[in-house]
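The values are calculated or read from the model by the stated rules, or taken from the named source; none is laboratory data. It should be emphasised that the depicted structure is a prediction, and the values quoted were computed from it without experimental measurement. Positions of Cβ are backbone-derived with ideal geometry, glycine not excepted, and every protein chain shown enters the neighbour counts. Protein only, heavy atoms only, side chains kept; ligands, DNA and RNA dropped before computing areas. Shrake-Rupley method; radii C 1.70, N 1.55, O 1.52, S 1.80 Å.
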Amino acid sequence: MELNEDKSNTDFRQLLSRYEEFVIKDIYPLEMEAIYGSFKGALPKLNALREKAKKEGLFAPHLSRSEGGMGLSLQEFGRISEILGKSPLGHYVFNCQAPDIGNMELMHQFASKELKEKYLSPLQKGEIRSCFAMTEPENAGSNPVHLSTTAVRVGDEYIINGHKWFTSSADGAAFTIVMAVTDPEHPNPYQRASMILVPLDNPGYQFVRNIPIMGDVGEDYMSHAEVKFVNCSVPASNLIGESGQGFALAQERLGPGRIHHCMRWIGICERAIELMCKRALTRMLDPGRPLSQQQTIQNWIAESVASVKASRLMVLATAKKIDEEGAKAAKEDISTIKFFVSDVLMKTLDRAIQVHGALGITDDTLLSFWYRHERGARIYDGPDEVHKTVLAKRVLKQYATK
Ligand SMILES: Cc1cc2nc3c(=O)[nH]c(=O)nc-3n(C[C@H](O)[C@H](O)[C@H](O)COP(=O)(O)OP(=O)(O)OC[C@H]3O[C@@H](n4cnc5c(N)ncnc54)[C@H](O)[C@@H]3O)c2cc1C
């Protein structure tokens, strides 16, 4: 899919090449240390790469020009996201990692001038990190209208009480955006909750733990926390958007967010295919008879490449629709790419692991990291089953008799 015309298209391709070169030359060498060693320990080196990205004008590409970014369309950012996704550190180095990117987009649109100056500006510069606390252990995250966390307005403050988990990257973050019930009696359940910014040095905020994910507890940016809010008092002006707008804002946040995730997953698939092919070509069943000569292996490579190609076209077409008509018009398309590409990701990773044999399940390649951490792709941002229902209902409607 061509994104731009003539000269600007050439410029964009050159930009993609610059990202690719940076990721391969500068980020790949740091992966094993940061991913299987200590992420925190690797922070000085990661920060040096962030500085390099700034100097080269590649930092925070998703931002508008006035905010120091590139003013890209969602389609264009998607193409960059694919390249960054080839490394688990790619998005982090360029400060366009989830959940910060979603918070930046949300605050850019809906936060007050004061909140933007105090929190959004340093977030965009990569000086602080943030997180997003919606899901609760006691309630089904698939249907988040049922939240137990409350924010009660008392004078000029909100008093927040609640228990959240899977607050990704809370460890070391400067603030979170909390989804809390502000109007429990509202007749429309989608207008009962609001989004409120909470600085994490607040005495009413409690960091409980980083939740181990299939044996990996993680740390700093690479973690998912359980947290509590106990009589946590924040100024009422920390409200983002209007009271009761929480779900509407969450939808705004998730539409482009699914494009980002899907393109990142496509990048992971490409790296997995690269690892799969290199291994297949060098692993000898007999002298001179590499694994790559086996038809089953060839099938896996072909199926992976074809499904990644289909995914890319589908996601970029959805991004184009969001760019041109808005996220609401692309609702079913967004649901479709979410479950389709997460499935392609799972299958591609599984095939790549199988080709590597025992090596595939060790921590000597990145495959085990992705297998462990990207299993969540079928669960977060709405479980696949919920998205399939969205699409199926739309299709069924076309055939329903009146
Ligand atoms: C890696 C990861 C990172 C995350 N990061 C964040 C974060 O930063 N902030 C945050 O707030 N949350 C985060 N989450 C939480 C995530 O949003 C929830 O896990 C998700 O919404 C599902 O909620 P649940 O886990 O409570 O599953 P449940 O709602 O209990 O659902 C369990 C299962 O039931 C099935 N199911 C549910 N609904 C339906 C349906 N309508 N039809 C058919 N089947 C259905 C699905 O198979 C689903 O997986 C993260 C989760 C993961 C795994």
Discussion item. Condition first: open to solvent by 70 Å² or more (accessible area, probe 1.4 Å) and modelled with pLDDT under 95. Can you find one or more residues in the range 47-70 that meet it?
Written reply: yes
Worksheet item: Which of the residues spanning the range 118-134 are within 14 Å of the ligand (Cβ to nearest atom), assigned to a loop (DSSP other than H, G, I, E, B) and closer than 24 Å to Ile83 by Cα?
Response: Arg129
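Return yes or no: is Thr365 assigned to a loop (DSSP other than H, G, I, E, B), away from the ligand (no atom under 16 Å from the Cβ) and open to solvent by less than 50 Å² (accessible area, probe 1.4 Å)?
Taking the combined requirement at face value, the residue satisfies it.
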Item to complete: For the range 96-117, state whether one or more residues are within 10 Å of the ligand (Cβ to nearest atom), within 26 Å of Glu226 (Cβ to Cβ) and open to solvent by 40 Å² or more (accessible area, probe 1.4 Å).
Response: yes
Discussion item. I'm told Leu313 meets every condition in (1) touching a helix residue (DSSP H, G or I) at 6+ places or on another chain (Cβ under 6 Å); (2) closer than 15 Å to Ile80 by Cα except one. Can you identify the failing condition by its number?
Written reply: (1)
Practice prompt. Looking only at the range 314-334, decide whether some residue is open to solvent by less than 30 Å² (accessible area, probe 1.4 Å), out of contact with any strand residue (DSSP E or B) (no Cβ under 8 Å at 6 or more places or on another chain), in contact (Cβ under 8 Å) with a residue 40 or more places away in the chain and under 15 Å from Arg378 (Cβ atoms).
Written response: no
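Quick check: anything in the range 151-161 open to solvent by 20 Å² or more (accessible area, probe 1.4 Å), more than 12 Å from the ligand (Cβ to nearest atom) and in contact with a Leu (Cβ under 8 Å, 6 or more places away or on another chain)?
Narrowing the range 151-161 to residues open to solvent by 20 Å² or more (accessible area, probe 1.4 Å): 152-157, 159, 161.
Filter once more, so that each one left must be more than 12 Å from the ligand (Cβ to nearest atom): 152-157, 159, 161.
Now drop any that are not in contact with a Leu (Cβ under 8 Å, 6 or more places away or on another chain), which leaves none.
Within the range 151-161 (the criterion being open to solvent by 20 Å² or more (accessible area, probe 1.4 Å), more than 12 Å from the ligand (Cβ to nearest atom) and in contact with a Leu (Cβ under 8 Å, 6 or more places away or on another chain)), the answer is no, since none of the residues qualifies.
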Discussion item. Please return the ranges of strands (runs of 3 or more DSSP E) entirely within the range 176-237 where 3 or more residues are open to solvent by less than 20 Å² (accessible area, probe 1.4 Å).
Written reply: 193-199, 224-235
Practice prompt. For Thr348, indicate whether it is touching a residue at least 24 places away in the same chain (Cβ under 8 Å) and either of a type in the set (Asp, Glu) or in a helix (DSSP H, G or I) (or both).
Written response: yes
Worksheet entry | the range 162-178: number of residues that are within 7 Å of the ligand (Cβ to nearest atom) and either closer than 14 Å to Tyr205 by Cβ or without any contact (Cβ under 8 Å) to a residue 12 or more places away in the chain (or both) | 2
Worksheet item: For Pro256, all conditions in the list (1) crowded, with 20+ Cβ neighbours inside 10 Å; (2) part of a strand (DSSP E or B) hold save one; what is the number of the exception?
Response: (2)
Worksheet, complete the sentence: Of the conditions (1) more than 16 Å from the ligand (Cβ to nearest atom); (2) closer than 25 Å to Ala250 by Cα; (3) in a helix (DSSP H, G or I); (4) not aliphatic (A, V, I, L, M), the single one that Lys328 does not satisfy is (3)
Worksheet item: What is the one condition in (1) within 9 Å of the ligand (Cβ to nearest atom); (2) crowded, with 18+ Cβ neighbours inside 10 Å; (3) in a loop (DSSP other than H, G, I, E, B); (4) not β-branched (Val, Ile, Thr) that Pro137 does not satisfy?
Response: (2)
Response to the item:
Given (1) in contact (Cβ under 8 Å) with a residue 40 or more places away in the chain; (2) more than 8 Å from the ligand (Cβ to nearest atom); (3) surrounded by fewer than 17 Cβ atoms within 10 Å (Cβ to Cβ); (4) among the aliphatic types (A, V, I, L, M), Val386 misses just (2)
Worksheet item: When the range 368-383 is examined, which residues are found to be touching a helix residue (DSSP H, G or I) at 6+ places or on another chain (Cβ under 6 Å) and open to solvent by 40 Å² or more (accessible area, probe 1.4 Å)?
Response: Tyr371, Arg378
